[in-house]
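Structure first, commentary second.
Taken together, the values in this text are just the output of simple stated rules run on the coordinates, not laboratory data. These figures come from a predicted structure and were not determined experimentally. Note: ideal-geometry Cβ built from the backbone for every residue, glycine included; neighbour counts use all protein chains shown.
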């Protein structure tokens with residue numbers, strides 16, 4: 001039987017929460033560092049979003065909401081074209097899409113909504129997320145390949161050979177080792193860290209809205225919904241409860257959507273359920289959701305440590321490049337696994353066509369011109385076309401049934 005935090009001392013409860021905070025930390029701060037958003041704001045919105053999620057889900061679901069990797073490319077694009085304020089406006093719109101999807105789940109049932117995202121659609125959609133970010137990872141690593149490769153090696157060795165809880169921290173290990181290597185090569189600038197105060201209010205940013213930014217970012221919620229279903233299913237399997245039914249997928253989607261909208265309102269990246277923290281649940285066998293709320297409070301406190309935010313921003317690009325090579329590749333691998341685990345028949349020309357169109361439109365940067373000089377591009381366009389093709393093209397009777405089982409995150 002899993003231990004309950006109610007039987008533990010306050011000190012042990014805090015340690016359990018600290019483990020969860022450590023597990024989410026590396027990936028959560030990596031997203032804002034990739035996009036130009038502020039890591040302290042990301043920690044703040046992750047903590048607040050997690051607490052909001054627990055309110056919406058009646059405190060029954062032991063998850064942590066951290067920064068979503070799916071939105072990186074779109075945030076970068078909108079940030080360069082219009083400004084990061086407009087990207088956060090798009091994130092708010094994505095949160096509203098989540099809530100609309102929650103309404104559809106409530107009205108029509110989980111299975112009917114999930115039929116729009118069978119493995120042949122979900123797998124290539126997730127591959128597109130990782131592959132569109134490949135250039136970003138290589139570009140950062142190329143600033144100093146020596147440091148990048150040392151960082152990459154640290155991540156790989158930790159992920160493959162480490163044991164116990166330490167195995168859950170390959171990202172943090174890579175950052176620490178890579179930062180040490182960057183120090184040795186003289187690549188670290190301490191100026192911002194020295195100038196920062198120990199206590200500092202996170203620099204929140206008010207959102208701005210444009211239809212072009214919303215069209216670029218909001219439809220990505222269709223992709224992350226698939227990940228959300230997989231994470232909630234996996235989380236329930238770990239703790240031995242059907243969370244899709246109780247408190248219900250509609251509640252978890254609303255919680256995730258509200259958390260993302262709140263993040264956008266304050267200038268943070270979109271939130272998503274974190275499989276890193278599900279891994280901690282499996283290791284500790286302590287499934288009390290209050291442990292995750294403790295982690296959320298720790299994240300909020302960390303957001304107000306000014307020197308920590310400055311230190312995170314001082315991490316050299318080659319370090320982040322080495323980490324990103326693994327992380328973005330792993331996202332692509334999750335998409336491949338979605339196809340393999342569900343035994344999708346790629347000898348069926350219908351399936352080949354769907355996968356081919358989604359991959360080429362998504363990776364190739366296709367754009368659909370819209371009235372008013374707007375356009376629907378990249379990941380969002382490929383997701384919508386994939387969903388449409390799946391419904392329009394006839395399916396053989398022997399084809400695999402819908403229902404993604406992925407366990408991806410971030």
Query raised in the report: If you average 1/r over every pair of different alpha-carbon atoms in the range 1-137 and take one over that average, what Kirkwood value in Å do you get?
Result: 17.6
Query - Cα centroid separation, the range 267-321 to the range 159-231 (Å) - result: 9
Query raised in the report: Once label points are set 7 Å from the Cα along Cα→Cβ at both residue 58 and residue 176, what is their separation, rounded to one decimal in nm?
Result: 4.1
Requested in this report: Using 0.36 nm per residue of separation minus the Cα-Cα distance, give me the extension gain between residue 166 and residue 333 in nm, one decimal.
Outcome: 57.9 nm
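Can you compute the helix-only [θ] at 222 nm over the chain? Use -39500 (n - 2.57) per DSSP H run of at least 4 residues, normalise by all residues, nearest 500 deg cm²/dmol.
Values: 19 runs with 275 residues, N = 410.
That calculation yields -22000 deg cm²/dmol at 222 nm.
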Report summary line: Exposure proxy check on 341, 135, 231: fewest-to-most Cβ neighbours within 10 Å is 135, 341, 231
Requested in this report: Would you mind computing the Rg to Rh ratio of the chain from its alpha-carbon coordinates, Kirkwood style for Rh?
Outcome: 0.95
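Going by how many other beta carbons lie within 10 Å of each one, how would you line up 293, 343, fewest first? Let's see the in-between values first.
Working: 293 22, 343 9.
If I rank by nearby Cβ atoms, fewest first, I get 343, 293.
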Requested in this report: Run the quick spin-label model on residue 107 and residue 198: label points 7 Å from Cα toward the beta carbon, then report their separation in nm to one decimal.
Outcome: 5.5
Query raised in the report: Picking from 107, 48, 153, which is most flexible by a Gaussian network model of the chain using Cα springs under 10 Å?
Result: 107
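What does the C-alpha gyration tensor say about the overall shape of the range 3-82? Classify as rounded when a/c is under 1.5, otherwise prolate if a/b is larger than b/c, or oblate. Intermediate results must be reported in sequence, preceding the final value.
On the way: a/c = 3.40, a/b = 2.19, b/c = 1.55.
Because a/c hits 1.5 or more and a/b exceeds b/c, the range 3-82 counts as prolate.
Could you list 163, 13 in order of exposure, starting from the residue whose Cβ has the fewest other Cβ atoms within 10 Å?
Values: 163 6, 13 18.
Ranked by crowding around the Cβ, least crowded first: 163, 13.
Under 8 Å for C-alpha pairs, at least 6 residues apart: give me the relative contact order for the chain, rounded to a whole percent.
Working: 805 pairs, mean separation 146.4, N = 410.
Answer for the chain is 36 percent.
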